Amino acid sequence: MPHFQHRIRWRSYETRGQPIHAQGQDITPIGRVMQIGWPRVGLIWHRPVAVEVRRNDGVKRLPIRNRTRRAIVFFSVGLSASILALPLLMQQRNLRERIRSR
Amino acid sequence: MIPDTHTRPASMNDIEQAINRLMNAARAEAVFGQPVERGEVTVIPCSEVALGFGLGGGTRARSGAVQQQQQGNAGVGGGGGARSHPIAAIIIKNDEVSVKPIMDRTRILQGILTTTGLALFWLARLSWPERKNRPEPVFSPRHLRRMIRQGRPFRGRRRVGFLGLALANRRRR
């Protein structure tokens, strides 16, 4: 199989679906694929990125955002950052107390 | 004689063919669904697809059993998983195209619970004393085992249970 050589291979490319003609406009869905190939192991991640609307007056590209992932990442990063900052704050407070006691 | 194709062992080629079929997830049709029309409104569902797979194989050569190996003392196996989540819906209404995102509350809650659990564990870990500073327990492990065997923490008016015993075993400084 050409995908699985004896080294890690990855590639990312855009996919375009069949244009849909609806209500006087052509709508083309656009996705992005990320493929990772290992020897005998493979991962594929395919997500929609945008939709292209073609009308008489021009082409408009509407992005498709994953709000669920954004919410999870926002919460996780925020909480992790605050938890990691806590020992630093405690360390600083202890240092201040030591200086005061001297 | 009709060849028994259903019970023959899977070869590497079969698995590679199966993987090639899985590769179809990379097509745009896997992510964008068929448009659904209801009156003046057309909806195209969009979802994210992720899949992973692996396969392996090998042969076993026994000493003095070359013929057996030639008969097919080999095996191949593979496994994989796939998941798909809805992300958004493309809505076409009155010549206007809009993208409506889909919030998966279950996944958000899952993420929040996992992160909170890890954060609580990390906080608890921060408050644990160092091993060298940890106070000596009141009862030795041998003593504890004897108490539990005799059922003393679970009987009578002064029964404390496992948790009570563990708390009582922490000598305060």
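Is it fair to say A:SER101 is surrounded by 10 or more Cβ atoms within 10 Å (Cβ to Cβ), of a type in the set (Gly, Ala, Ser) and without any contact (Cβ under 8 Å) to a residue 24 or more places away in the chain?
When the stated conditions are applied, A:SER101 does not pass them.
Checked against the criterion of being at the interface with another protein chain (Cβ under 9 Å from one of its Cβ atoms) and at pLDDT 90 or above, the candidates A:VAL41, A:VAL53 yield just one match: A:VAL53. In this entry, A:ARG93 is excluded by the filter for residues that are more than 8 Å from chain B (Cβ to nearest Cβ) and under 19 Å from the mean Cα position of the chain (by Cα).
Across the range A:77-88, a minimum of one residue is classified as loosely packed, with under 14 Cβ neighbours inside 10 Å, at pLDDT 90 or above and within 11 Å of chain B (Cβ to nearest Cβ). Whenever a residue of the range B:87-103 is at the interface with chain A (Cβ under 8 Å from one of its Cβ atoms) and without any contact (Cβ under 8 Å) to a residue 24 or more places away in the chain, its partners that are in a strand (DSSP E or B) and basic (Lys, Arg), lying with C-beta atoms within less than 8 angstrom and at least six residues away or across chains, give the pairs B:VAL97/A:LYS60.
Just a yes or no: is a residue in the range A:62-76 modelled with pLDDT under 90 and more than 7 Å from every other protein chain (Cβ to nearest Cβ)? Taking every residue of the range A:62-76 in turn, none turns out to be modelled with pLDDT under 90 and more than 7 Å from every other protein chain (Cβ to nearest Cβ). Scanning the range A:53-67 for residues that are assigned to a strand (DSSP E or B) and under 13 Å from B:ILE90 (Cβ atoms) yields A:VAL53, A:LYS60, A:ARG61, A:LEU62, A:PRO63.
The values are calculated or read from the model by the stated rules, or taken from the named source; none is laboratory data. None of the values given here were measured: they were computed from a predicted structure. When we count neighbours, we look across all protein chains shown, and the Cβ atoms used for this are built from the backbone with ideal geometry, even at glycine.
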